[in-house]
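Enquirer: Here's a structure for you.
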Amino acid sequence: MILTTSNFDAKHRTSPAANPFRHTYLHELSHNIPIIVIMCLTAVCFLILPAVLSLVDQNLTPVTESGVVASMNQTADDTAREVVKQYVFGVRPASILFFPVMAFVLSLVQFSYLTNRRAIDVFGTLPIRRGAMMRAKMLAGVTILAVPVALSYLVIFFCNLIIVGFHQYLILELLVVLLNALVVMLLPYGLTALISTISGTIMENILYPLALLSAPVILYGFIMEVIRYTMFGYAGEAANHFVLALLSPFCEFFADDGWYLVNHGITQTLLEQQELGVGTTFLSLVSQNLIVMGIWLVISAGLMAAAVFGLRRRKNERAGLKGASRVLNHIACFLAALIGGALVLAIFSVGFLGTAYYNLRYVWFFVAILITFVAYQLIVLQSVKAMLKTWPLLLVCVVLGSGFVTFVETDAFGAYTKIPEESQVHMVSIDYSGIMGTTRSTETLQSDRPVYYNDPDLIQTVLEFHQQVVEDRIREPGNYQAIRLEYKLKDGSSMVRQYTADTQKAAEILATLNENDSFLSENHVIFTNDLSGYDIVQVSDPYYTVMNELTTEQIDLEALQQALQQDVMEQTLEDMLDPQEPEIGWIHLWKNEPEDLNEEENWDEWNMWNETAEMSILVKGSYQNTIAYLESIGAIDLMQPDYTAVQDLLIVSPTEDGGFDSLSLYGNTDPTLSLFTKNWLSGLVLPEEFDGWITETIPEADANRLSDAYQDPDKVQSILEDCYNQHGYDENSCVVYVKTMNATSELILPNS
Amino acid sequence: MIQMTDVVKVFGEYAALNHLECTIERETIYGLVGPNGSGKSTMLRLIAGIYRAEYGTVCIDDEPVFENVALKNRIFYLSDELYFLPQASMNSMAKFFAGYYDHFSYEVYHSLCEIFPLDPNKKISAFSKGMQRQAGLILALSCQPNVLLLDEAFDGLDPVVRNAVRRLLVNYVAEYNATVVISSHNLRELEDLCDHIGLLYKGKLLLDKDLDTLKLGLCRFHCGFKKAPSRGELSKLDLLKFSCSGNLITLTARGNRDEIEEYLESFSPMFLEALPLTLEEVFIQEMEGVGYDFNHVEF
């Protein structure tokens, strides 16, 4: 055995001169072949195939035999609709669900050597600068992640071109989609790389990126819940989509206005919106996405640059050292403590645990911060002594928590209790449904399309109400009957607030809106609905004993509407709450279902039709114009009650405490009415399933309060003549249930 | 020449190296010994450029090592805890190192693979501890470094291979003008290999001497007298250790052996015998001589 190296010399080197950067790059590629294979398979199976199959399915189905047969049976319109081809593009769910995970795993694998003492002895000795090694590894990582995804999107792009055809938006969509896909991969990749250069163990490399990616969103969510339920006057949403997207790019996709990017794609969404006549442009549709993703791309690039810097500064002895980075530990502990506190505060602020917890919510908030902080530090540091040394961090958490509590309790330092000057207000909107004159509520209309008023009287009323609720400053947990105010100020800004009317005074101010013409004309159903669009008209007495149909030749619905509008305008609040004239009867209106409207195919349109398809108007005794019109067409005679048609009549007296347990819950009327009129009955017809209730359940359950049941027409008449469909209710009132062959209705018998 | 000047390396609150001063000349095999936790591996990692000193400088030929690609191209550090890439064979590891070291020689690699009974295509993870150590040495030598840093290089090697590695290293230093720094707990391992020894203790270099000087500078005698002289009567000797049992004296003294022997002859001993000192004994004497308690130092 020759144990000498005398024959060896450097000149015998057989390999070319080393290029460490290139070698590291190539080595990383070859070393991560399993991940490359998984990436490619995923890209094909979950990105390309679903998109291409969807393209084929949506655009080429009619050419199949069954498709041809089916198309022969279709109308011309249907066929025309069938041949409209659809683009299938977008980011696709796989990109936001799977590839970020792969990026995270790849980064963990690539930089795991930094947490391995033995590996560091090898990599640390290699003749390559740390920064160069990090850059080469990250370049390889980006190649592994980006190339399969980019190629997949190119395939999808060309499939769209071939199957559906060229559209100018497609190229722009390709760029936007690539940007999105790149960002959702680079962020976890870069963050994990940076954490790897700071931390000491693989467990920390897993936990810290996950915590840092999710904690801001979770914390924001809890904070906004607390603000929503605690801050007096706050009218915003629990979480804002744009803010969420700024806290995490993944949130960009999961909101209603971001899902289009994942599901349909930009081009198809734009074409659909343009077909509906919505003037959306490419830039307006994706502007938020571009801003958010642009910011996150810069952040991701910054994280990767920081990772290079971090490795250059890293102390290799950190490898394998638990809790090597105090900064990371402090950040994680800080976030954990705040999330723990915010979670408890959010739960207690919602109010479902009761008033006792609600009142002590801030105490529990700080207790939760303390417990979370101590628990976290004990788990991580495993030493009480070391934990005690971190008291300054706890102090920071407590100070921040105190700041937040102060912010909420002072209503954003007084911003939410500030009332604008009347002279500053240009227009105002108020989310209040009013005391309704019919069975239909305009609540849906109101929330969908806020109405702005510039009527000075109305503005003054709203300001008075605003002033009153701020003076009352009552905020009960779990009170959802909030009234939303929005001021459009003359300086162009707007102010949105949300309050509950919890005092009689506030409720009385609010109720005066029912006498305001501007308010009525925008809210009352007799103004918002066009009666001439109805096909069937029936009239009945107030108790549904008779129902008579009028032909459209017999009744002029436009004239009827004008008369009703005039009466509603002339009606006073007093008339509404305590009518002196007996009610005349009901006018019922129906619309026929359009032939071309299908509930399954055109749900939105069908729903719009359905909302107004049926309507009932109570003709009160004070509606002189309406009564006069009905008399002129002979309809009043058709509205005379037939007391012999009453099958059952039941009088239920109030409960001992003066309360009232009605089935109808007073309809969708003003929730604040009970504050000054005890209660209010809005003239609801009970559903059919309550037919048995009137004769069986009530007598059994409430025998003490049951006055009697009546069938005698004379007695029935004498009782019903004193009843009202709509009337205030007090402790002397009774509820009267009337069952006829047409309906079972609930009436009020005041002062009986 | 490796120069460490006033080097401080701290791990948390623990100072592994405490103002260390050390110079290792070229073309030497430097043995680094010391108890556990004395800072041997830390010192080697600093020389290899893995760690950065908190204070002081670590230079090779007057150039700082840390992040110095040109210098690191000629340094190879073989750790006591070996690491190979997952699923790697010797061939794949050779390819890995060849990409980084300019002077990597496949010829050396293949020749060494023939010398050591290892299958270069087999996964290294399937090798025994000793075989993995051999694989590490083969790869290290294939990189043809000027400075070879070996941490517990002989750990796990059988006596035959150990002897072969010794010879290989000696030849390597001679042929390449290289410097080899070997750390070990075991002084006997280094005794026949090193020409220079450094003793690290609590982060400081307690002793840094040429082996020959070290051995020649100390001698031990066992002698018998009709009436044994007291320690005070032998005051001319630089005594490190003196024990007297009746008229029998055993002493260890620093200085020239012949001169000490001549001096002891002047006391007319009944017999005078020079005893050999092992390297371990030399170290113990030196450490006790400078006031360190041997009982608290483990080798």
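Enquirer: What number of residues within region A:551-567 are at pLDDT 90 or above and in contact with a strand residue (DSSP E or B) (Cβ under 6 Å, 6 or more places away or on another chain)?
Expert: Summing the residues that are at pLDDT 90 or above and in contact with a strand residue (DSSP E or B) (Cβ under 6 Å, 6 or more places away or on another chain) in region A:551-567 gives 0.
Enquirer: Shifting gears a bit: Could you please give the count of residues in region B:18-41 that are crowded, with 17+ Cβ neighbours inside 10 Å and under 15 Å from B:Ser183 (Cα atoms)? Steps first, please.
Expert: Going through region B:18-41, the residues crowded, with 17+ Cβ neighbours inside 10 Å turn out to be B:20, B:22, B:24, B:28-34, B:38-41.
Of the ones still in play, those that are also under 15 Å from B:Ser183 (Cα atoms) are B:22, B:24, B:28-34, B:38-41.
Residues flagged as crowded, with 17+ Cβ neighbours inside 10 Å and under 15 Å from B:Ser183 (Cα atoms) within region B:18-41 amount to 13.
Enquirer: What residue, among those in region B:216-247 that are of a type in the set (A, V, I, L, M, F, W, C) and open to solvent by 60 Å² or more (accessible area, probe 1.4 Å), is farthest from the chain's Cα centre (by Cα)? Step through it out loud before you land on a result.
Expert: Of region B:216-247, the ones of a type in the set (A, V, I, L, M, F, W, C) are B:216, B:218-219, B:221, B:223, B:225, B:228, B:234, B:237, B:239-240, B:242, B:244.
Then keep just the ones that are open to solvent by 60 Å² or more (accessible area, probe 1.4 Å); that gives B:216, B:244.
Values: B:Leu216: 18, B:Cys244: 34 Å.
Going through the qualifying residues, I end up with B:Cys244.
Enquirer: For residues that are more than 8 Å from chain A (Cβ to nearest Cβ) and touching a Gly at 6+ places or on another chain (Cβ under 8 Å), scanning just region B:59-70, find the one that is most open to solvent (accessible area, probe 1.4 Å). Even if it seems obvious, please write down each step before you answer.
Expert: Step one: list which residues in region B:59-70 are more than 8 Å from chain A (Cβ to nearest Cβ), which gives B:59-66, B:68.
Pick out the ones that are also touching a Gly at 6+ places or on another chain (Cβ under 8 Å) and you get B:65-66, B:68.
Working: B:Val65: 1, B:Phe66: 49, B:Asn68: 26 Å².
Per the criteria, the residue is B:Phe66.
Enquirer: Of the residues A:Glu225, A:Glu237, which is surrounded by fewer than 18 Cβ atoms within 10 Å (Cβ to Cβ), within 30 Å of A:Asp411 (Cα to Cα) and either in contact with a helix residue (DSSP H, G or I) (Cβ under 8 Å, 6 or more places away or on another chain) or not acidic (Asp, Glu) (or both)?
Expert: Values: A:Glu225 fails: surrounded by fewer than 18 Cβ atoms within 10 Å (Cβ to Cβ).
The match here is A:Glu237.
Enquirer: So, A:Leu174, is that one under 20 Å from A:Val298 (Cα atoms) and over 29 Å from the mean Cα position of the chain (by Cα) or not? Break it down into steps so the answer makes sense when it comes.
Expert: Values: under 20 Å from A:Val298 (Cα atoms): yes; over 29 Å from the mean Cα position of the chain (by Cα): yes.
For A:Leu174, the condition - under 20 Å from A:Val298 (Cα atoms) and over 29 Å from the mean Cα position of the chain (by Cα) - is met.
Enquirer: A follow-up question, please. Spot the failing condition for A:Ile291; the list is (1) at pLDDT below 85; (2) within 24 Å of the chain's Cα centre (by Cα), and only one is missed.
Expert: Only one criterion is unmet by A:Ile291, namely (1).
Enquirer: Could you list, ordered by first residue, the pairs with Cβ atoms under 8 Å in which the first is in region A:162-189 and at positive phi and the second is open to solvent by 30 Å² or more (accessible area, probe 1.4 Å), at least 6 apart or interchain?
Expert: A:Gly165/A:Lys85
Enquirer: Go through B:Leu199, B:Leu193, B:Leu205 for me and flag whichever is more than 14 Å from chain A (Cβ to nearest Cβ) and in contact with a helix residue (DSSP H, G or I) (Cβ under 8 Å, 6 or more places away or on another chain). Walk me through it before giving the result.
Expert: Numbers: B:Leu193 fails: more than 14 Å from chain A (Cβ to nearest Cβ); B:Leu205 fails: in contact with a helix residue (DSSP H, G or I) (Cβ under 8 Å, 6 or more places away or on another chain).
Sole residue among the options that is more than 14 Å from chain A (Cβ to nearest Cβ) and in contact with a helix residue (DSSP H, G or I) (Cβ under 8 Å, 6 or more places away or on another chain): B:Leu199.
Enquirer: What are the pairs with Cβ atoms under 9 angstrom where one residue, in region B:158-174, is within 10 Å of chain A (Cβ to nearest Cβ) and the other, located anywhere, is assigned to a helix (DSSP H, G or I) and among the acidic types (Asp, Glu)? Sequence gap at least six, or different chains.
Expert: Qualifying pairs under 9 Å: B:Arg166/B:Glu189.
Quick grid of which residues meet (1) out of contact with any Cys (no Cβ under 8 Å at 6 or more places or on another chain); (2) without any contact (Cβ under 8 Å) to a residue 12 or more places away in the chain; (3) more than 14 Å from chain A (Cβ to nearest Cβ):
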| residue | (1), (2), (3) |
| --- | --- |
| B:His103 | no, no, no |
| B:Ser111 | yes, yes, no |
| B:Lys123 | yes, no, yes |
| B:Arg133 | yes, no, no |
| B:Asn146 | yes, no, no |
| B:Gly156 | yes, no, yes |
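Enquirer: With the structure loaded, tell me whether A:Ser287 is open to solvent by 30 Å² or more (accessible area, probe 1.4 Å) and not aliphatic (A, V, I, L, M) or whether it fails that test.
Expert: Working: open to solvent by 30 Å² or more (accessible area, probe 1.4 Å): yes; not aliphatic (A, V, I, L, M): yes.
Judged against the criteria, A:Ser287 is a match.
Enquirer: Scan (1) at positive phi; (2) within 13 Å of chain A (Cβ to nearest Cβ); (3) without any contact (Cβ under 8 Å) to a residue 40 or more places away in the chain for the single condition B:Gly37 breaks and write down its number.
Expert: It fails just one condition, (2).
Enquirer: If you don't mind, another one. Pull up region B:67-85, narrow it to residues that are free of Cβ contacts under 8 Å to residues at least 12 places away in the same chain and in a loop (DSSP other than H, G, I, E, B), then point me to the one that is farthest from A:Asn32 (Cα to Cα). Working first, answer last.
Expert: The initial filter retains those residues of region B:67-85 that are free of Cβ contacts under 8 Å to residues at least 12 places away in the same chain, namely B:69-70, B:81, B:83, B:85.
Subset that is in a loop (DSSP other than H, G, I, E, B): B:81, B:83, B:85.
Values: B:Glu81: 25, B:Tyr83: 18, B:Leu85: 12 Å.
That would be B:Glu81.
Enquirer: Next question. Check whether at least one residue in region B:42-50 is more than 23 Å from B:Phe97 (Cβ to Cβ), within 12 Å of chain A (Cβ to nearest Cβ), in contact (Cβ under 8 Å) with a residue 24 or more places away in the chain and open to solvent by less than 40 Å² (accessible area, probe 1.4 Å), and report yes or no.
Expert: yes
Enquirer: Quick one: count up the residues across region B:3-33 that are touching a Phe, Trp or Tyr at 6+ places or on another chain (Cβ under 8 Å) and closer than 25 Å to B:Leu168 by Cβ.
Expert: The number of residues fulfilling the criteria is 2.
Enquirer: Which of the residues that make up region B:86-108 are part of a helix (DSSP H, G or I) and not aliphatic (A, V, I, L, M)? Please lay out each step first, then the result.
Expert: Taking region B:86-108 first, the residues part of a helix (DSSP H, G or I) are B:90-98, B:106-108.
Within region B:86-108, B:Asn91, B:Ser92, B:Lys95, B:Phe96, B:Phe97, B:Tyr106, B:Glu107 qualify.
Enquirer: Based on this model, can you work out whether A:Gly131 counts as closer than 20 Å to A:Leu106 by Cα, within 14 Å of chain B (Cβ to nearest Cβ) and small (Gly, Ala, Ser)?
Expert: Values: closer than 20 Å to A:Leu106 by Cα: yes; within 14 Å of chain B (Cβ to nearest Cβ): yes; small (Gly, Ala, Ser): yes.
It is true that A:Gly131 is closer than 20 Å to A:Leu106 by Cα, within 14 Å of chain B (Cβ to nearest Cβ) and small (Gly, Ala, Ser).
Enquirer: Continuing with the same structure: How about region A:527-559: which of its residues are open to solvent by less than 60 Å² (accessible area, probe 1.4 Å), closer than 18 Å to A:Ser632 by Cβ and over 43 Å from the mean Cα position of the chain (by Cα)?
Expert: Scanning region A:527-559 gives A:Asn548, A:Leu550, A:Ile555.
Enquirer: Where residues in region A:113-123 are within 10 Å of chain B (Cβ to nearest Cβ) and open to solvent by 10 Å² or more (accessible area, probe 1.4 Å), which of them is farthest from the chain's Cα centre (by Cα)? Steps first, answer last, please.
Expert: Here is the first cut: in region A:113-123, the ones within 10 Å of chain B (Cβ to nearest Cβ) are A:113, A:116-123.
Then drop every residue that is not open to solvent by 10 Å² or more (accessible area, probe 1.4 Å), which leaves A:113, A:116-118, A:122-123.
Values: A:Tyr113: 45, A:Asn116: 46, A:Arg117: 50, A:Arg118: 52, A:Val122: 54, A:Phe123: 51 Å.
Applying the filter and picking the extreme gives A:Val122.
Enquirer: Okay, moving on. For region A:6-18, state whether one or more residues are more than 23 Å from A:Cys159 (Cα to Cα), surrounded by 14 or more Cβ atoms within 10 Å (Cβ to Cβ), modelled with pLDDT of 50 or more and not acidic (Asp, Glu).
Expert: Looking for residues that are more than 23 Å from A:Cys159 (Cα to Cα), surrounded by 14 or more Cβ atoms within 10 Å (Cβ to Cβ), modelled with pLDDT of 50 or more and not acidic (Asp, Glu), one finds at least one in region A:6-18, hence yes.
The values are calculated or read from the model by the stated rules, or taken from the named source; none is laboratory data. All values derive from a computational prediction rather than experimental measurement. Here the Cβ is made from the backbone with ideal geometry for all residues, glycine too, and neighbour counts use every protein chain on show. Quick note on the areas: whole protein, heavy atoms, side chains included, nothing else; ligands and nucleic acids left out. Shrake-Rupley method; radii C 1.70, N 1.55, O 1.52, S 1.80 Å.
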